[in-house]
Amino acid sequence: MENIKFIKIMANVLKSMFAKKEPIKIGHLTPLSGEYAYFGEWEKEGVDLAVEEANKKGGISGQKIIVLREDDQLDPAFSAALFNRLVHVYNVQAVVGSPSSDVLLAVAPVADKNKVVMLTALAGSTEISTASDYLFRTYPTTAQEGEQLASTVDRAGYKKAAIIYINNVYGIELAKSVKRKAAEFGIEILAMEGYRKDNADFAEPLSRIKEKNPQAVFLLGYPRDMELILRQARELEIELKYFAPDTFGDPKFQAGAGQAAEGVVYVAPVENMAPEFIENFKKKYKKDPNIFNAMTYDALNLLVLAIQRGGNNGEAIRNELLKVKDYQGASGIITFDEHGDAVNRPLELKTIKEGKKVSYR
């Protein structure tokens with residue numbers, strides 16, 4: 001009888017040892033369709049490479065990682081519903097994304113209420129810092145960008161400027177940051193023109209800016225609309241010096257703007273990517289990575305690290321991320337502060353010269 005009991009116990013132990021472990025699910029909220037799907041493609045490439053590499057190493061304690069990806073279309077209300085589905089239907093404890101500050105702020109109450117971590121690689125709004133205890137980012141803030149842009153215009157010797165900005169959280173915050181810093185440098189803002197995300201005709205705001213006769217224009221938008229603004233300004237023979245945020249760095253839209261992009265100065269995260277990441281990315285995708293690929297790759301790997309250390313629980317993941325100091329990622333060194341912001345993320349200045357991106361001094 002004792003032998004039978006012992007055999008049953010050992011059978012249960014062996015069954016437990018060799019039982020197939022359930023995969024760990026990580027959500028990904030990003031635009032996969034529509035005008036801004038290229039943001040989602042950049043994120044997808046970084047996330048998928050990180051997951052592939054992690055699973056080759058055994059996943060997380062032998063559990064395979066799978067990504068549940070939702071197309072947020074950069075729509076805040078729609079995104080909140082998708083985030084709810086990831087949390088309540090799929091029971092994810094951590095989500096990568098979204099590149100939109102508006103989406104992050106819409107999702108923040110849901111993340112907070114359910115104690116689910118959301119780690120963005122691209123959203124810059126300063127409001128994200130205090131919107132939820134569960135929001136993190138690997139990206140510089142709009143405040144950093146605004147300060148860099150204003151100081152650059154000051155160093156160039158311009159004292160009269162105008163601002164044209166996209167009328168959403170990202171654009172409004174960036175415009176406020178630029179205006180505040182411009183005042184500190186003694187730069188007079190002669191005009192501020194906001195526009196809707198779907199606007200395609202910029203003749204009127206450009207004409208109003210021209211009437212004010214500024215020396216420089218802070219061009220604060222998304223790639224598509226900045227391309228249109230520059231092309232239409234050229235058609236209207238409005239020749240000014242333009243200074244733009246990191247969103248200007250997409251080569252596809254620089255090519256679309258053509259000669260109109262010549263001389264535009266813009267800030268961008270320093271592209272000092274890890275050689276191993278570059279090599280592995282090129283091997284998988286047959287092209288060079290950009291800094292946004294690297295930042296999203298880091299975001300996924302940081303979530304994997306936090307789950308390994310604390311378990312697949314939103315509160316534990318948050319606590320482990322807050323401990324991250326001097327993490328050597330593909331996009332550089334990452335340290336999170338008490339708000340979940342990656343501190344001291346370096347920015348650099350670039351300009352378009354003869355159709356190519358070059359450093360601006």
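Data table
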quantity: Pairs with Cβ under 7 Å, 6+ apart, first in segment 314-335 and closer than 20 Å to Asp112 by Cα and at pLDDT 95 or above, second surrounded by fewer than 16 Cβ atoms within 10 Å (Cβ to Cβ) and of a type in the set (Lys, Arg); calculated: Glu320/Arg309
quantity: Sole exception among (1) crowded, with 24+ Cβ neighbours inside 10 Å; (2) within 22 Å of Phe39 (Cβ to Cβ); (3) touching a residue at least 40 places away in the same chain (Cβ under 8 Å) for Gln144, by number; calculated: (1)
quantity: Hits in segment 149-177 (condition: under 16 Å from Tyr195 (Cβ atoms), of a type in the set (Val, Ile, Thr) and either free of Cβ contacts under 8 Å to residues at least 60 places away in the same chain or surrounded by fewer than 24 Cβ atoms within 10 Å (Cβ to Cβ) (or both)); calculated: Ile163, Ile166, Val169, Ile172
quantity: Positions within segment 60-87 being part of a helix (DSSP H, G or I) and within 16 Å of Ile26 (Cβ to Cβ), in sequence order; calculated: Leu82, Phe83, Arg85, Leu86, Val87
quantity: Residue within segment 232-240 that is among the β-branched types (Val, Ile, Thr) and buried (at least 22 other Cβ atoms within 10 Å of the Cβ) present; calculated: no
quantity: Residues within segment 210-262 that are of a type in the set (Ser, Thr, Tyr), part of a helix (DSSP H, G or I) and touching an Asp or Glu at 6+ places or on another chain (Cβ under 9 Å), tallied; calculated: 0
quantity: Some residue of segment 183-203 being acidic (Asp, Glu), under 23 Å from Asp102 (Cα atoms) and more than 23 Å from the chain's Cα centre (by Cα); calculated: yes
quantity: Some residue of segment 99-117 being under 20 Å from Ala294 (Cα atoms), part of a loop (DSSP other than H, G, I, E, B), in the same structural domain as Asn293 (by TED's automatic domain parsing) and of a type outside the set (Lys, Arg); calculated: yes
quantity: Segment 295-306 - residue that is in contact (Cβ under 8 Å) with a residue 24 or more places away in the chain and out of contact with any helix residue (DSSP H, G or I) (no Cβ under 6 Å at 6 or more places or on another chain) and, of those, nearest to Phe39 (Cα to Cα); calculated: Met295
quantity: Residue, surrounded by the most Cβ atoms within 10 Å (Cβ to Cβ), within segment 184-204, restricted to residues that are over 24 Å from Ile128 (Cβ atoms) and aliphatic (A, V, I, L, M); calculated: Ile187
quantity: Among (1) more than 25 Å from Phe336 (Cα to Cα); (2) surrounded by fewer than 17 Cβ atoms within 10 Å (Cβ to Cβ), the one test that Glu276 misses; calculated: (1)
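The values are calculated or read from the model by the stated rules, or taken from the named source; none is laboratory data. Remember, it's a predicted structure, so these values are computed and weren't measured experimentally. For neighbour counting, all protein chains shown are included, and Cβ atoms are generated from backbone atoms with ideal geometry for every residue, glycine included.
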